[in-house]
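Asker: Submitted below is the structure of interest, expressed as structure tokens.
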Amino acid sequence: MNSDSCAAKTPVEPDKKKDLKWWQTGSRPDYRFSLANERTFLAWIRTSLAIIAGAIGIDQFASHLGSPQLRLALSIILLVVGGILGGIAYKRWARAELAMRHQADLPLSLLLPFLAMFIALLSAGLAWLIIAFG
Amino acid sequence: MSGQTTPSKDPGLQPERTGLAWSRTGFLAFVVACLSLRVGLSATTVGDVLAALLLAALGCACLHRGHQRPRYSAGEEVVTTRHRWFLLATSSSLVIAATIHIAMLLARHIH
């Protein structure tokens with residue numbers, strides 16, 4: 001048995017609560033919720049991988065798209081967003097896991113509307129570039 | 001280990017779905033690793049090749065995890081310390097790969 005399940009089954013003395021890590025506090029959530037949280041994490045990881053792939057694609061396979069500086073800027077913007085999303089994926093997973101351990105509401109995030117807006121603007125910009133330079 | 005656990009009886013097939021999610025993440029990591037390798041070989045930059053190796057290792061780890069489906073039998077502890085570290089490593093490798101690509105891109109355009 002690991003320390004996590006011990007934390008869920010045995011009562012913790014108040015003075016020892018401060019020493020517990022966040023993943024040892026509260027009670028163990030239903031395994032199905034944990035698995036659903038894990039799949040959400042993986043979906044964010046795949047989004048991040050797809051954006052990184054897009055950045056490499058613009059750098060390597062779109063030599064006639066705009067100027068070299070524009071392609072460099074687009075690639076770097078996409079790589080930055082992809083890297084940030086990869087990092088945020090873990091943060092989101094940890095926040096949701098903590099909320100589930102304490103039977104709290106799942107945390108709200110502004111990431112989804114921002115990401116949707118970013119992808120919409122990027123698509124429109126790329127479409128314009130392809131029409132203008134293609 | 002996995003042979004001793006009983007198969008999941010979850011009607012929602014949660015363990016199977018999670019295993020498949022790991023597998024497709026692994027396949028996508030391999031695709032991005034191939035793209036990174038292409039950058040590394042065409043521009044002869046060691047950094048991009050290293051990023052490709054990192055992503056390929058991530059792909060192998062994800063595929064391995066995808067094949068451990070029976071481990072998630074009903075009631076088994078999911079959130080262990082080792083489990084958390086695996087997710088953290090997955091997340092970190094993407095941040096590292098993206099950072100390497102940015103550095104290599106800037107280095108190539110400056111020269």
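Asker: Ballpark to the nearest 100 Å², how much total accessible area do B and A bury together, probe 1.4 Å?
Answerer: 3900
Asker: Grab the beta carbon distance between A:THR40 and A:ASP19, set R0 = 41 Å, and tell me the FRET efficiency rounded to 0.05.
Answerer: 0.90
Asker: Follow-up. Tell me the label-point distance for the pair B:ALA89, A:ARG32, using the 7 Å Cα-to-Cβ offset, in nm and rounded to one decimal.
Answerer: 3.1
Asker: On full extension of the chain, what length is gained from A:LEU110 through A:LEU122, given 0.36 nm per residue of separation minus the C-alpha to C-alpha distance?
Answerer: 2.5 nm
Asker: Compute the signed sum of charges (Lys and Arg +1, Asp and Glu -1) over the other residues within less than 12 Å, Cβ to Cβ, of A:GLN60.
Answerer: Local charge sum for A:GLN60: +1.
Asker: Per-residue Cβ counts within 10 Å, from other chains only, averaged over A:32-44: what number is that?
Answerer: What the average comes to for A:32-44 is 6.
Asker: Right, another one. Let me confirm one metric for peptide B:85-91, namely the mean number of other chain beta-carbon atoms within 10 Å of its residues' beta-carbons.
Answerer: For peptide B:85-91, the averaged partner shielding equals 5.
Asker: Putting +1 on Lys and Arg Cβ atoms and -1 on Asp and Glu Cβ atoms, find which of A:ALA50, A:ALA124, A:ILE77 reaches farthest to the positive end of the dipole of chain A.
Answerer: It is A:ALA50.
Asker: Just counting partner chain Cβ atoms within 10 Å, what average do the residues of peptide B:11-17 show around their Cβ?
Answerer: 3
Asker: Per residue in segment A:45-84, which ones lose no less than 40 Å² of accessible surface when going from chain alone to all protein chains (1.4 Å probe)?
Answerer: A:ILE45, A:ARG46, A:LEU49, A:ILE52, A:ILE56, A:ASP59, A:GLN60, A:PHE61, A:LEU72, A:ILE76, A:LEU79
Asker: Could you rank A:MET117, A:MET100 by how accessible they are, 1.4 Å probe, largest area first?
Answerer: Result, largest first: A:MET117, A:MET100.
Asker: Give the separation of the Cα centroids, segment B:31-46 to segment A:98-134, in Å.
Answerer: 27
Asker: Based on the mean of other Cβ atoms within 10 Å per residue, sort peptides A:32-39, A:21-28, B:101-108 so the most packed one is first.
Answerer: Going from most to least packed, we get A:32-39, B:101-108, A:21-28.
The values are calculated or read from the model by the stated rules, or taken from the named source; none is laboratory data. Keep in mind the model is a prediction, meaning the values are calculated, not measured. Note that each Cβ is placed from the backbone with ideal geometry, even for glycine, and that neighbours are counted across all protein chains shown. With ligands, DNA and RNA removed, areas are computed over all heavy atoms of the protein, side chains included. Shrake-Rupley method; radii C 1.70, N 1.55, O 1.52, S 1.80 Å.
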